[in-house]
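S.K.: Would you mind keeping the following structure in view while I ask a few things?
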Amino acid sequence: MAVEGDLVQMGALVGAGLACTGMGGAAVGVGHVVGNYIAGALRNPSAAASQTATMFIGIAFSEALGIFSFLVALLLMYAQ
């Protein structure tokens, strides 16, 4: 009987670890957004100020996906 409980907990922890890979995707997304903003700002410095809000919106959407994957990982670990 104890083995079944251990297998369930192991599966939950492995699933939580796999769900955390979404946070890596969010980090790549934020890096892509900011990198493209910097490249555009270097090409046209006068337009950089008007693109800052768009950059922060892109960062927010990318980070939201990371937060969602973190919440899924927490649910897998603690909701039994």
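S.K.: Among the residues of segment 39-48, write down those that are loosely packed, with under 12 Cβ neighbours inside 10 Å, modelled with pLDDT of 90 or more and of a type outside the set (Lys, Arg).
M.R.: Scanning segment 39-48 gives ALA39, LEU42, ASN44, PRO45, SER46.
S.K.: Checking CYS20 against (1) in contact with a helix residue (DSSP H, G or I) (Cβ under 8 Å, 6 or more places away or on another chain); (2) closer than 19 Å to TYR78 by Cβ; (3) modelled with pLDDT of 90 or more: exactly one of these is not met. Which one?
M.R.: (3)
S.K.: In addition: For the condition exposed (fewer than 13 other Cβ atoms within 10 Å of the Cβ) and of a type in the set (S, T, N, Q), what is the one hit in GLN80, GLN51?
M.R.: GLN80
S.K.: For segment 2-17, what are the residues that are within 26 Å of PHE70 (Cα to Cα), among the β-branched types (Val, Ile, Thr) and at pLDDT below 90?
M.R.: VAL8
S.K.: In the set GLY31, GLY58, which member is surrounded by 13 or more Cβ atoms within 10 Å (Cβ to Cβ) and under 19 Å from the mean Cα position of the chain (by Cα)?
M.R.: GLY58
The values are calculated or read from the model by the stated rules, or taken from the named source; none is laboratory data. Nothing here was measured: the structure is a model prediction, and the numbers come from that model. In this analysis, Cβ positions are derived from the backbone assuming ideal geometry, glycine residues included, and neighbour counts consider all displayed protein chains.
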